[in-house]
Amino acid sequence: MVRYSHFERSTAEQILAWALAEFGEGLAISTSFQKEGMVVIDMAARMSPDVRVFTIDTGRLPEETYQMIDTVRQRYGIPVEVVFPDAAEVASLVSTHGPNLFFREVSSRMLCCHIRKVRPLERKLATLKAWVVGLRRSQGESRENVAKVEAANGVVKISPLADWTAQEVEDYIRAHHVPQHPLYGQGYTSIGCAPCTRPVAPGEDERAGRWWWEQDELKECGIHFLPNGQVGRRLDVLVHEVLSAKPA
């Protein structure tokens, strides 16, 4: 097994330079165009004109996120690869549970994330050797142990900004004039699907605007978070139900 713990002493630039050289076309940046993702894109684009970027279009994104796809294409000349969920799976999800099931309970919300985000991501990762994300350890309890480089399920996951602070992200954005998602100007501090994200009030946690109707839950979509056993078992049942009902 390849060990990557030595990268904990490396800078974000050093890690990205290594990843681009090591994985080439097999490497891609995954982003929803939040601040951290844009920093990673800007940093990588300065190193290679051929860096790959992909995003997952869940079908429920705010219009401003689509604007960011065009912004990245125009600013960096990067043809953003847009990944979609399986249309039949989404149809089965909505037919079985309704379009706004996420308000009902945590497991239903995670089911929606699973069909619209997790499964498309898994299909995309199956085509890659490595992927880069903008996770930071200080973003929340569920991310505090994120490694800068780690191998999982046959693909290498790279989080070059893992040890960055929010201020370091802001400083980089100002220094390099990195484009920002328009919703930040409207009080958003974390941006996802339109129905599941709201602006935050002064003093609130930066992820308080995600799934704000949930109380005392670790707020993750399932991509970076393994739910506790109870939610996991319920989620497994719901996923099986949706996939079984999918048209052939």
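Residues checked against (1) within 23 Å of Ala126 (Cα to Cα); (2) of a type in the set (Asp, Glu); (3) touching a strand residue (DSSP E or B) at 6+ places or on another chain (Cβ under 8 Å); (4) crowded, with 20+ Cβ neighbours inside 10 Å:
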site	(1), (2), (3), (4)
Val53	yes, no, yes, yes
Arg60	no, no, no, no
Gln67	no, no, no, no
Gln74	no, no, no, no
Pro79	yes, no, no, no
Ala91	no, no, no, no
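Number of residues in region 3-62 that are small (Gly, Ala, Ser), free of Cβ contacts under 8 Å to residues at least 40 places away in the same chain and more than 20 Å from Ala151 (Cβ to Cβ): the value is 2. Every condition in (1) in contact with a strand residue (DSSP E or B) (Cβ under 8 Å, 6 or more places away or on another chain); (2) closer than 17 Å to Thr11 by Cα; (3) assigned to a loop (DSSP other than H, G, I, E, B) holds for Glu150 except the one numbered (3).
Within region 119-145, residues that are farther than 14 Å from Ser159 by Cβ reach partners that are at pLDDT 95 or above and acidic (Asp, Glu) with beta carbons closer than 9 Å, at six or more positions or on different chains, in the pairs Arg119/Asp86; Arg119/Glu89; Pro120/Asp57; Pro120/Asp86; Arg123/Asp86; Lys124/Glu81; Lys129/Glu22; Lys129/Glu25. Tell me yes or no: at least one residue of region 94-112 is surrounded by 20 or more Cβ atoms within 10 Å (Cβ to Cβ), under 13 Å from the mean Cα position of the chain (by Cα) and either hydrophobic (A, V, I, L, M, F, W, C) or at pLDDT below 95 (or both). The answer is no, given that none of the residues of region 94-112 is surrounded by 20 or more Cβ atoms within 10 Å (Cβ to Cβ), under 13 Å from the mean Cα position of the chain (by Cα) and either hydrophobic (A, V, I, L, M, F, W, C) or at pLDDT below 95 (or both). In region 212-245, of all residues being among the aromatic types (Phe, Trp, Tyr) and over 15 Å from the mean Cα position of the chain (by Cα), the one that is modelled with the lowest pLDDT corresponds to Trp213.
Within region 89-113, residues that are among the hydroxyl-bearing types (Ser, Thr, Tyr) reach partners that are outside any helix (DSSP H, G or I) with beta carbons closer than 7 Å, at six or more positions or on different chains, in the pairs Ser92/Lys246.
The values are calculated or read from the model by the stated rules, or taken from the named source; none is laboratory data. Values in this document were obtained by computation on a predicted structure and should not be read as measured data. Don't worry about glycine lacking a Cβ; one is built from the backbone with ideal geometry, like all the others, and counts go over all protein chains shown.
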